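Worksheet for the structure shown next.
The values are calculated or read from the model by the stated rules, or taken from the named source; none is laboratory data. In this text, all values refer to a predicted model and were calculated from it rather than measured experimentally. Cβ sites come from the backbone with ideal geometry, for glycine too, and all protein chains shown count toward neighbours. The protein model used for the area step is the full one, side chains on, heavy atoms only, and it has no ligands, DNA or RNA in it. Shrake-Rupley method; radii C 1.70, N 1.55, O 1.52, S 1.80 Å.
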Amino acid sequence: MKITGANGQACAQPLFSSSATKYHELGFKAVGGGRSFRYVLAGATALVVGNALQARVEDTDHDAIAVRATALGATSLLITTGASGGALDENEYADGYAVIDTTPGLGYTYHIKSHAAIAASTDGALVLDDNETVQVALTTSSKITLAANPYKSVIQHPVTTATQACIGGAIYPVTAAEYGWIQTGGPGAGLIAGTPGAGQPLTSTGAVAGALTVHSAELNSPAVMSVTGRDGKVLPVFWLLDA
């Protein structure tokens, strides 16, 4: 099936493929055949066709990171990592986000372009995306919480308890640590646990890893059943994560 970027631009990587080369920015949206797709990097395990997928697990050692004085208009965020597990690998949060969680600067979200490896309890800098600058000067009272790009190092949705957001469904066995497409909107398929009825909302949080199951209160609903559910089968669903 031919896909194009959501704004009509050409897609350099075919829909059903896996590539060690990165052809699009992570999260790049493509459409085709009334369906929506997003460009991802697979995690440490190859993606399984039909499985619900989740963003990588949060690292709480990268919450409320100390900030050094950072001037208005700066192109990098100046931080001091926490002790113990606070170290950052090189470009661990490249393509991800830094949210100012404590004033001054409260509420601003910045897109991270790159950063060097930063040891625990060490000063470092997060380089911001091109043409993005600090909008409110930061002081040592400010704090930053980091969030990885949700489409970077995606994994099979875990059993019972979500540890991050459901981001879509696997449409091709993208090789571990390679790039490819997942589905986020429109008619598609999903592994089903239980027997949800046609038209019933589904959740990705259940007793079977990678499966969609009967929705219950306060859980996410990334898809709706398109047919009567049959336990253990990959069946037609309508993905709701992208219009």
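Protein heavy-atom accessible surface, 1.4 Å probe, per residue over the chain: 44 Å².
Expressed as a whole percent, the accessible surface of the chain that belongs to carbon and sulfur atoms is 55, based on a 1.4 Å probe. Per residue, the convex hull around the alpha carbon atoms of the chain comes to 130 Å³.
Stretching the chain fully between Lys233 and Ala10 yields a gain of 76.9 nm (0.36 nm per residue, less the alpha carbon separation). In this label model, Val49 and Ala176 are separated by 2.1 nm, measuring between points 7 Å along each Cα→Cβ vector. Volume per residue of the convex hull around the Cα atoms, evaluated for segment 167-243, comes out as 94 Å³. Computed over the Cα atoms of segment 1-60, pair by distinct pair, the Kirkwood hydrodynamic radius stands at 13.0 angstrom. Segment 42-114: D in µm²/s via Stokes-Einstein (Kirkwood Rh, Cα pairs, 25 °C, 0.890 mPa s)? The Stokes-Einstein estimate is 169 µm²/s. With semi-axes defined as the square roots of five times the eigenvalues of the C-alpha gyration tensor, the equivalent ellipsoid of segment 189-233 measures 14, 12, 8 Å, largest first.
Please pull out the direction-averaged projected area of segment 146-190, using the convex hull of its alpha-carbon atoms, in nm² to one decimal place. Could you put the intermediate results ahead of the total?
Working: hull surface 16.0 nm².
Hull-based average projected area comes out at 4.0 nm².
Taking 24 Å as the cut-off for C-alpha to C-alpha distance, list the pairs among Lys2/Lys22; Lys29/Lys113; Lys113/Lys143; Lys2/Lys113; Lys152/Lys233; Lys2/Lys233 that go past it. Where the Cα-Cα span goes over 24 Å, the pairs concerned are Lys2/Lys113; Lys152/Lys233; Lys2/Lys233.
Rounded to two decimals, the Cα radius of gyration of segment 107-147 over 2.2 N^0.38 Å is 1.23.
Once you have the Cα-Cα distance between Glu25 and Thr163, take 0.36 nm times their residue separation minus that, and quote the gain in nm to one decimal.
47.3 nm
Semi-axes of the equivalent ellipsoid of segment 1-141 are 33, 18, 13 Å, computed as sqrt(5λ) over the eigenvalues of the C-alpha gyration tensor in descending order.
Looking at segment 66-168, the GluC sites (Glu not before Pro) that sit in a DSSP loop and have at most 14 other Cβ atoms within 10 Å of their own Cβ are Glu90, Glu132. Restricted to Cα atoms, segment 88-165 shows a radius of gyration and a Dmax of 14.1, 42 angstrom.
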